[in-house]
1. What spacing in nm lies between the two simple spin-label points modelled at residue 341 and residue 58, each 7 Å away from Cα in the Cβ direction?
2. Can you sort 326, 250, 138 by solvent-accessible area, 1.4 Å probe, largest first?
3. Heads up, I need the accessible area for residue 79: 1.4 angstrom probe, whole protein in place, Å², nearest 10.
4. As a test of reading the structure, rank 369, 201 by solvent-accessible area (1.4 Å probe, protein chains only), most first.
5. Averaged across orientations, what area in nm² does the convex hull of the alpha carbons in region 276-389 project?
6. Within the accessible area of region 292-391, what % is carbon and sulfur when the probe is 1.4 Å and the other protein chains stay in place?
7. Evaluated at 25 °C with a viscosity of 0.890 mPa s, what Stokes-Einstein diffusion coefficient in µm²/s does region 82-125 have when Rh comes from the Kirkwood expression over alpha-carbon pairs?
8. Taking θ = phi - 60°, what integer Hz values does the Karplus form 6.51 cos²θ - 1.76 cosθ + 1.60 yield along region 321-337, in sequence order, with x for Gly and Pro?
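The values are calculated or read from the model by the stated rules, or taken from the named source; none is laboratory data. What you see is a predicted model; the values in this text were computed from it and never measured. No Cβ is skipped: glycine too gets one built from the backbone with ideal geometry, and neighbour counts run over all protein chains shown. All accessible areas refer to the heavy atoms of the entire protein, side chains included, with ligands and DNA or RNA removed. Shrake-Rupley method; radii C 1.70, N 1.55, O 1.52, S 1.80 Å.
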Amino acid sequence: MVSAVAGNMLLRAAWRRAAKATSAAARRSPAAPTRGLRLRVVDHAPWLPVPSEAESVLRPLYMDVQATTPLDPRVLDAMLPYFINYYGNPHSRTHAYGWESEAAMEHARQQVASLIGADPREIIFTSGATEANNIAVKGVARFYRSRKKHLITTQTEHKCVLDSCRSLEAEGFRVTYLPVQKTGIIDLKELEAAIQPDTSLVSIMTVNNEIGVKQPIAEIGQICSSRKVYFHTDAAQAVGKIPLDVNDMKIDLMSISGHKIYGPKGVGAIYIRRRPRVRVEALQSGGGQERGMRSGTVPTPLVVGLGAACEVAQQEMEYDHKRISKLSERLIQKIMKSLPEVVMNGDPKQHYPGCINLSFAYVEGESLLMALKDVALSSGSACTSASLEPSYVLRAIGTDEDLAHSSIRFGIGRFTTEEEVDYTVEKCIQHVKRLREMSPLWEMVQDGIDLKSIKWTQH
C-alpha cells in the first residue's frame, strides 16, 4: 500500500513538472517562428549549461527512423507502472512482487509471439537485435561445430552479423558471403549452389537498414528447409512494418529490436524454433534465465514496452504501411521532378517504403547533411556513420564511389507528417541546387564533358 501511494505521488509530481514546462514553453513566443523545427519540452539536467530560449524551443525534424524511433505514448503508458509500483524481480518465485512481474513478462512474450505467428515459448528476451544476431549466428555455429563448419550470409548484412561471422572464421569456421545483384537482392540460384553438406546456418536480413530492400524471405526459407539447413533472419527493420509469419516463411531464428518499432531502447528478442528444435550454445553464463539461452534478470519495464510496441504495431500495420507508402511516393516524386541526376538505391519494387536511399550526383553527402541542419537525416547506418568510407552496402550493389559518397537516407515513420516531408523536400532541393552551383564537376557536366574520359593527375 505504502509503495503504491509513493508511486502515485512520484507520478503526480512528474506530470506536474511536465505540465509546468509545457505551459511555460507555450507562453514564450519566439520573434520569428522557424518552419520545420519542433517544440521541445524538457527538464534540463542541473549539470548541463542552461540553453538559450531558441535552443530550448526549436529542434530539427526527425527523418531518421531506421536509426531509432520515438517511443509511442501508448508504450510509455504500459511501461510506467513497472518502473514505480510493480518493481519485483520476475524470477523471484516466493512473493507477489515477483509473480506480478513474471505475469507481465509472460504477457509481453505472448504479444511478441503473436506479431510473428510464433509460440510464446519460442521467444527469448535479449538486450536488442545485436545480441539476438550474436546468439543466432555464434550460438548455432558453435552448437553444431562437431559436424558442421560452414555458414552462409550476404555482403549487405548488418555489421553485427558480418563481425560475428568474422569472429567464427577466426575459430576455424568457413563463411560464404553471397554477393547481391544491382537491386540489392540475392540470386536464389547462387544461394542454392553455396549450400554444402556441412552448412549449419544461412543468415539473411529481411529488410536492409540502409537501402530498404526486401529479400525474398519465404523462398529462402523454402530452400533452407528442403536442404535441412537452419535459416536465421535479422528482421529488426521489418517486424511490425510488414507482415511476417515464421511458420509460413519457414524461419528458424529471427532477431527483433524494441527501439525500431516505437518501443524502448535496450531490449529486443530472438525467436528460436522449438519444432523441429533448433539448439544454440548460450553466449553468457549465469542464472539460466530465458530457458538457459540468455542468463540475466529480464528487465520487466523494458519487455512490457516491447510487448506493447508489438501489439500496437500489429493493430496499426496496415494503416501505417498505406500512410508511409503515400508519403514516400510524395518525397521521391517531388525530388526526382525538381532535380536531375538523382538515383534511388536498391530495388524500387521489392522495397520497404519507409526507407529511401537517394544519391545526388556531384554533391558530397556530408556537405548536404550539414546544410540540412534543421532536418535529422543520415548518410547510412548509424552504426557505421562515423566512418568517412563509402557505405559497404552501396559498394556491394555496385554503386560508383562518388555516387556512394553522395547518398542520403530518408526515414519515414508512424509520426512523420506530410508537412515534414514537404519541408524536407523543399530544403533538400534548395541545398542540392546551391551545392551543385559551387561544384566545378557539375559545371563541366553541364558543358557536356564526360568526367569518366578525363585523366586526373596529382600535383
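1. 3.1 nm
2. Sorted descending by solvent-accessible area, the residues read 326, 250, 138.
3. 10 Å²
4. Ranking 369, 201 by accessible area, largest first, yields 369, 201.
5. That works out to 12.4 nm², a quarter of the Cα hull's surface.
6. Values: 2390 of 4480 Å².
After summing per-atom areas, the C and S share lands at 53 percent.
7. Values: Rh = 11.0 Å.
Rounded, D is 223 µm²/s.
8. After applying 6.51 cos²θ - 1.76 cosθ + 1.60, I find 5, 4, 5, 5, 4, 5, 5, 5, 4, 4, 5, 4, 4, 5, 5, 5, 5 Hz.
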